[in-house]
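Take a look at the structure below.
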Amino acid sequence: MWILFAFGSALFAGITSVLAKCGLKNTDSHVATAIRTTVVLLFAWLLALLTGGIHTLSAITGRSLLFLLLSGLATGGSWLCYFRALQLGDVNKVTPVDKTSTVLTMLLAALFLGETLSPLKWVCLFLILLGTWAMIGRRDPDVPASHAGGRWFPYALVSAFLASITSLLGKVGMEGIDSNLGTAIRTVVVLLMAWGIVLATGKGREIRNIDSRSWGFLLLSGLATGISWLCYFRALQEGPASVVVPIDKLSIVVTIAFSSLFLREKLSPRAALGLVALVAGTLLLLVP
């Protein structure tokens with residue numbers, strides 16, 4: 001079942017990026033992150049209540065709570081960087097860089113969780129990196145220079161690094177506790193972090209300027225994120241991080257497809273080949 005949950009996470013994560021991009025057009029990225037996190041928080045705690053996971057709150061050990069809190073901090077940082085990158089660049093450029101967190105997660109899982117990296121998995125890592133480089137390595141002449149420039153890249157790179165840390169911390173923190181409750185606890189940390197930055201930077205006043213269209217996309221994006229998270233951490237609880245994380249990264253296929261349909265972002269032949277390599281490397285990770 002954990003494989004189905006992992007693919008469900010990929011589907012909704014892919015939808016999230018496009019919805020968020022639409023909502024970010026007239027909205028500050030930090031404010032948008034805070035709004036989306038509020039939706040995720042409500043969704044996560046509601047599900048923890050409906051599934052009975054909230055009743056196991058007293059059974060959480062100090063160690064699990066610590067790792068969940070640290071995972072939430074890493075997630076908050078990753079989100080803030082990722083949606084800033086989305087605001088500055090095209091979805092089909094930002095997303096591949098974010099997906100390189102797969103490589104770092106697999107390496108860290110081998111180092112700290114004892115998960116084995118076979119020769120095939122090394123080949124997969126190479127394909128993922130090669131595919132990412134092909135998708136972002138050269139600007140498509142049809143893409144505006146402002147979007148193809150480097151302003152978005154550092155944010156996307158930091159987002160990928162923090163996302164990989166999130167996966168490992170979440171894996172440890174989820175041991176022996178209900179996955180829905182774990183997700184809800186992590187979301188509290190992300191919410192406090194996101195709104196804290198909004199208030200500290202004085203951007204809270206911008207909320208009144210958000211138009212109804214952006215509100216709709218941000219709320220839908222938060223809902224999709226909530227569903228993706230619940231599927232992801234349920235899969236992470238039952239399956240190996242070195243496989244769950246790559247499956248989740250297949251969300252890039254959904255993201256590229258939706259960005260082409262709804263955002264009219266073009267994929268060059270070179271980038272298309274890169275996408276094939278990235279997906280091939282990810283799928284090969286499922287081979288025993």
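Answer yes or no as to whether residue 210 is β-branched (Val, Ile, Thr), open to solvent by 20 Å² or more (accessible area, probe 1.4 Å), more than 29 Å from residue 285 (Cβ to Cβ) and touching a residue at least 24 places away in the same chain (Cβ under 8 Å). Considered against the rule, which asks whether it is β-branched (Val, Ile, Thr), open to solvent by 20 Å² or more (accessible area, probe 1.4 Å), more than 29 Å from residue 285 (Cβ to Cβ) and touching a residue at least 24 places away in the same chain (Cβ under 8 Å), residue 210 comes out as no.
Residues are listed down the side, and each one gets a yes or a no for (1) open to solvent by less than 60 Å² (accessible area, probe 1.4 Å); (2) of a type outside the set (Val, Ile, Thr):
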position: 173; (1), (2): yes, yes
position: 176; (1), (2): no, yes
position: 253; (1), (2): no, no
position: 273; (1), (2): no, yes
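Residue check: residue 46 meets all listed conditions (1) within 30 Å of residue 246 (Cβ to Cβ); (2) in contact (Cβ under 8 Å) with a residue 40 or more places away in the chain but one, namely (2). Within the range 236-254, residues that are within 14 Å of residue 284 (Cα to Cα) sit with their Cβ atoms under 7 Å from residues that are surrounded by fewer than 24 Cβ atoms within 10 Å (Cβ to Cβ) and of a type in the set (Phe, Trp, Tyr), at 6+ positions apart or across chains, in these pairs: 244/2; 247/7. Filtering the range 255-282 to residues that are within 19 Å of residue 167 (Cβ to Cβ) and of a type in the set (A, V, I, L, M, F, W, C) leaves only 278. Scanning the range 193-207 for residues that are touching a residue at least 12 places away in the same chain (Cβ under 8 Å), in a helix (DSSP H, G or I) and open to solvent by 20 Å² or more (accessible area, probe 1.4 Å) yields 193, 195, 197, 204, 206, 207. The residue pairs whose first member lies in the range 259-284 and is touching a residue at least 60 places away in the same chain (Cβ under 8 Å) and under 21 Å from residue 20 (Cα atoms), whose second member is of a type in the set (Asp, Glu) and open to solvent by less than 60 Å² (accessible area, probe 1.4 Å), and whose beta carbons are closer than 6 Å, counting only pairs six or more residues apart or on different chains, are 259/265; 265/90.
For the range 57-92, the candidate set comprises residues that are among the charged types (D, E, K, R) and part of a helix (DSSP H, G or I); within that set, the residue that is farthest from residue 225 (Cα to Cα) is 63. Residue count for the range 1-33, restricted to those that are of a type in the set (A, V, I, L, M), farther than 12 Å from residue 85 by Cα and more than 13 Å from the chain's Cα centre (by Cα): 6. If you check 236, 230, 220 for being part of a helix (DSSP H, G or I), among the hydrophobic types (A, V, I, L, M, F, W, C) and open to solvent by 50 Å² or more (accessible area, probe 1.4 Å), only one passes: 220.
Just one residue in the set 102, 95 is under 13 Å from residue 167 (Cα atoms), part of a helix (DSSP H, G or I), touching a residue at least 12 places away in the same chain (Cβ under 8 Å) and open to solvent by less than 30 Å² (accessible area, probe 1.4 Å); that residue is 102.
The values are calculated or read from the model by the stated rules, or taken from the named source; none is laboratory data. What you are looking at is a predicted structure, and each value in this text was computed from that prediction instead of being measured. Note that each Cβ is placed from the backbone with ideal geometry, even for glycine, and that neighbours are counted across all protein chains shown. Surface accessibility is based on the protein's heavy atoms, side chains included, excluding ligands, DNA and RNA. Shrake-Rupley method; radii C 1.70, N 1.55, O 1.52, S 1.80 Å.
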